[in-house]
Amino acid sequence: MSKNKTTGYKCPCGYQKRKDGDARGYVRYRCGLTNTIQDVLRQRPGWIEVKDDGEWDFNWCDVGWLRENFDHSYMEEHVRICHFRNHYELTHKNLMVKNLKRYRKTLEREAGRLEAAKCDFFPRTFVLPSEYPLFVEEFKRSPGSTWIMKPVARSQGKGIFLFRKLKDIMDWKKNSSRLEEQRDENQVERYVAQRYIETPYLISGPSAFTRITAPVVVSQYVPLKAWLYRDGFARFSGTRFSLSSIDDQYVHLTNVAVQKTAPDYDPEKGCKWQLQKLRRYLTAKHGAETVETLFRDVDNIFIRSLQSVQKVFINDKHCFELYGYDILLDKDLKPWLIEVNASPSLTASSQEDYEMKYRLLEDTLNVVDMEGRLSGREKRVGGYDLMWNDGPVYREDFSLESLGRTCFTANTHLGCVNDRKKHLRQLKTFSGQKRA
């Protein structure tokens, strides 16, 4: 691995040992970011930061570092890094849609239309400029509809705009054509044109629409093993929703990077709710059964999207991924997958936001388990619940209605109580007894 080469191997109890036989009880880490993850790593017992040229056991890097270094790196068995090599198959908007479309066709062919219909959770989408003729055909079938244009690989709301007329994107198309003539085809920035959800779910009357961000960790793709965190947040636009002002980014983009520049933005309140608060609000307004159905549909989005890329991913035992799923709710409480982020924002916008992200990252490291504390059979680690392990994972619920029979339900608790500290204490006690 040249200057990034690691020379240790993993001992049974999670310690690292140099080849010369000197035992060490610590993990050497490298971190290329300067936000909440740095605080978590620095305060983790037994973890020591190394400089850029130092040997490391764990690397929390950005995707730029991965692109430049991964193919030239040699990693020993115990080493972990926070991205898969071709993470973009799910996190670039064009490839995400391409893989979902292909997966849906496969399901329809092999399992029938009803099974394939479970993938109908993303809006009609076209990649431009390559699918421009197909997009025009679809556009003409629904005149007056609102569409949204997004760069396939940018974030924080950059480059996004809404339109209703083809002439609104002609300047963009002409510019793209000129760039395509001047540069290699693979270097031309691509966009997706997507049907805009014109009837989003509104909180507090018509004031703001709701977009859920939920954290998912994939610890391996073959076989697929995925964890869902209990916490997350709902993001809102801080400006009254209206389709009469499609040029107003404060109405249509919930990104914090956009909302915090609004004239009336309050940094203390922000434009977020914890998911527990959203779930309580929805339950009080629509009933528990409706909300349970909504969150089952959200679980379906997580699993189906991961399955859609499972066969194209380069599985590597050194890699894991923390995804940030962005899901929009419409007025009928149908969830729509908007995008999946490989680098969800770890910069806090408030103290509450910082505390939630700190817990999330701390538990992400607990799942990765560099210390070797876990048995591998856990269904829960801190705030994470194992939702898929080469098949669905169930929890056993007992109730009076079941009259003593075991009722199997999905092992997911998104937006529910996160008693992570209590669970981690139990896990620590069990781990200590196991070693003894």
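Please treat every number below as a calculation from the coordinates, not as lab data. Treat the numbers as computed from the prediction; the structure is a model and nothing was measured. Cβ atoms come from the backbone with ideal geometry, glycine included; neighbour counts cover every protein chain shown.
Farthest towards the positive end of the charge dipole of segment 317-387, among the residues Leu360, Gly376, Ser350, is the Cα of Gly376, using unit charges on the Cβ of Lys, Arg, Asp and Glu.
The length gained by stretching the chain between Leu134 and Asp53 to full extension, at 0.36 nm per residue less their Cα-Cα distance, is 24.2 nm.
When peptides 195-203, 216-224 are sorted by average Cβ neighbour count within 10 Å, with the highest value leading, the order is 216-224, 195-203.
What pairs in Lys105/Lys167; Lys101/Lys379; Lys101/Lys165; Lys93/Lys334 have C-alpha atoms more than 23 Å from each other? In this structure, Lys105/Lys167; Lys101/Lys379; Lys101/Lys165 exceed 23 Å between Cα atoms. So what is the relative contact order of segment 334-394, in percent, for Cα pairs below 8 Å that sit 6 or more residues apart? Reported as a whole number, the value is 21 percent. On full extension, the segment bounded by Asn69 and Lys311 gains 84.7 nm, given 0.36 nm per residue less the C-alpha separation.
In terms of the mean number of neighbouring beta-carbon atoms within 10 Å, the peptides 56-62, 227-233, 389-395, 90-96 order highest first as 227-233, 90-96, 56-62, 389-395.
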